[in-house]
Amino acid sequence: MLKIAVFGFYSPDQSRPAATDGSPYLSPITTEEFMRTVWALEPEERRVGGAPDAPCFVKLTTLTTQPVYVQRLSDEMAHGAGLLAYDGYIAIIDAVKILAPRAIRNALRRLRAQHSAAHLIIAAGRQHEPDAFSSDEIRQMLGLSASLPIMPYVPGEPKTVHRLVRRLVRYIDNPDRLPPPIFAGEPAFVPPALAPDDDATLAPQVTPSPAPRVERLDHVAIAVSDLERALAFYQESLGFRLLGQIDLPGDDPPRTVAHLDTGRGMLALVSGADDRAEAGGDTRPGPLYVALRVTGLEAIVARLAQAGVAVRSAPVSTNYGVRMAVVADPDGTPIRLVEGDFVYSRR
């Protein structure tokens, strides 16, 4: 039996005026709607538990060989998040209105302290909307680890709930996958060591690293001939938000990389392109590379090299926060593998 808890944060840290429409929450995201969709995952004749519009559990029998119980906790700052032991947790936040950052951090700290072996996924409600915070912005705001999964949750789109529940079940049901740290700089979870024999020599404890994996598309980079003109177009005409800029004075010529939030990922605008560039000379305007977010950079590069993939740049540390390597696809398109969090020169 696998147990999953769903809880959320929809009220502010401190008292604020009521919503203008008279609703009890200042956010339209609730665990109630989420649980209605979970309820519909199971055929009606096999549903167990109360109605989905009340604190309840739902028994799912079609996801794995063992039953999965999904329990709804509170919408009110998730006070009970750390009181009961679960195998996994889904913490729903409103990516448009993150009203309780302090309460979220406190609840997640309590959760990790009491149930360090449990898996956690952050469900970012309404992340598809133009004004929503990106996953990287949410991580920065809450101080979360780059390895902690943040997935979109769109009310009214059952497939986003299905993905969240199925992903968490897959994590829990995999004995080889260790839960990643919740907060940036936090050590990885270390499973309790088995008691050694009395005459056994105690081996030094080694903190295991999260399993190497490609997590998601991080950004697409485009070379531009005029950075300010390009920023004006992408911000004003397309509505993308500037996350920050990285200055690279050591490049020849010196360059600046501006990161923009597109709503579902990042776009990187790289200055210094020249319309007159010849092959082998300065960078022409246009697409430069695709960047993928990874965990376990060295192991992934070693695995790709062993498989015959062209490695153009071995893993290196940058002065803007991330570690990076470059490989190429069969047509020679550069693919950057990025691990860690970007540190911007300015915002």
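The values are calculated or read from the model by the stated rules, or taken from the named source; none is laboratory data. Remember, it's a predicted structure, so these values are computed and weren't measured experimentally. As a convention, Cβ positions derive from the backbone with ideal geometry for all residues, glycine included, and neighbour counts pool all protein chains shown.
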Problem set entry | Test for Ala132: is it of a type outside the set (Val, Ile, Thr), buried (at least 17 other Cβ atoms within 10 Å of the Cβ), free of Cβ contacts under 8 Å to residues at least 40 places away in the same chain and within 14 Å of Ile29 (Cβ to Cβ) | no
Exercise. Which residues, counting only those in region 288-314, are in a strand (DSSP E or B), of a type outside the set (Gly, Ala, Ser) and in contact (Cβ under 8 Å) with a residue 24 or more places away in the chain?
Worked result: Leu288, Tyr289, Val290, Leu292, Arg293, Val294, Thr295
For this session: State whether the residues of region 89-108 include one that is assigned to a loop (DSSP other than H, G, I, E, B) and among the β-branched types (Val, Ile, Thr).
Result: yes
For this session: Kindly indicate whether Arg166 is under 20 Å from Met35 (Cα atoms), in the same structural domain as Thr61 (by TED's automatic domain parsing), among the basic types (Lys, Arg) and assigned to a helix (DSSP H, G or I).
Result: yes
For this session: Quickly run through region 233-256 and pick out the residues that are under 27 Å from the mean Cα position of the chain (by Cα), buried (at least 17 other Cβ atoms within 10 Å of the Cβ) and of a type outside the set (A, V, I, L, M, F, W, C).
Result: Tyr234, Arg241, Gly244, Gln245, Thr256
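Conditions (1) under 29 Å from Gln245 (Cβ atoms); (2) modelled with pLDDT of 90 or more; (3) of a type outside the set (A, V, I, L, M, F, W, C); (4) out of contact with any Phe, Trp or Tyr (no Cβ under 6 Å at 6 or more places or on another chain), marked per residue:
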{"position": "Pro285", "(1), (2), (3), (4)": "yes, no, yes, yes"}
{"position": "Leu292", "(1), (2), (3), (4)": "yes, yes, no, yes"}
{"position": "Ala299", "(1), (2), (3), (4)": "no, no, no, yes"}
{"position": "Ala307", "(1), (2), (3), (4)": "no, no, no, yes"}
{"position": "Pro315", "(1), (2), (3), (4)": "yes, no, yes, yes"}
Exercise. What are the residues in region 80-102 that are in contact with a Phe, Trp or Tyr (Cβ under 6 Å, 6 or more places away or on another chain) and either modelled with pLDDT under 80 or of a type in the set (Phe, Trp, Tyr) (or both), if any?
Worked result: Ala81, Ala100
Problem set entry | Ser147 hydroxyl-bearing (Ser, Thr, Tyr) and more than 16 Å from Ile182 (Cβ to Cβ) | no
Problem set entry | Hits in region 99-128 (condition: over 17 Å from the mean Cα position of the chain (by Cα) and farther than 26 Å from Val169 by Cβ) | Leu99, Ala100, Arg102, Ala103, Asn106
Exercise. Just for region 165-203: of the residues that are loosely packed, with under 15 Cβ neighbours inside 10 Å and among the aliphatic types (A, V, I, L, M), which one is modelled with the highest pLDDT?
Worked result: Ala188
Problem set entry | Answer residue from region 262-280, given it is within 27 Å of Arg216 (Cα to Cα) and surrounded by fewer than 21 Cβ atoms within 10 Å (Cβ to Cβ) and is modelled with the highest pLDDT among those | Leu267
For this session: Run Thr65 past the list (1) at pLDDT 70 or above; (2) within 19 Å of Thr160 (Cα to Cα) and report the number of the one that doesn't hold.
Result: (2)
Exercise. Got at least one residue in region 325-334 being buried (at least 18 other Cβ atoms within 10 Å of the Cβ) and either closer than 22 Å to Pro249 by Cα or not assigned by TED's automatic domain parsing to the domain that holds Pro254 (or both)?
Worked result: yes
Exercise. Condition test on Arg112, is it in contact with a Leu (Cβ under 9 Å, 6 or more places away or on another chain), under 25 Å from Thr61 (Cβ atoms) and surrounded by fewer than 21 Cβ atoms within 10 Å (Cβ to Cβ)?
Worked result: no
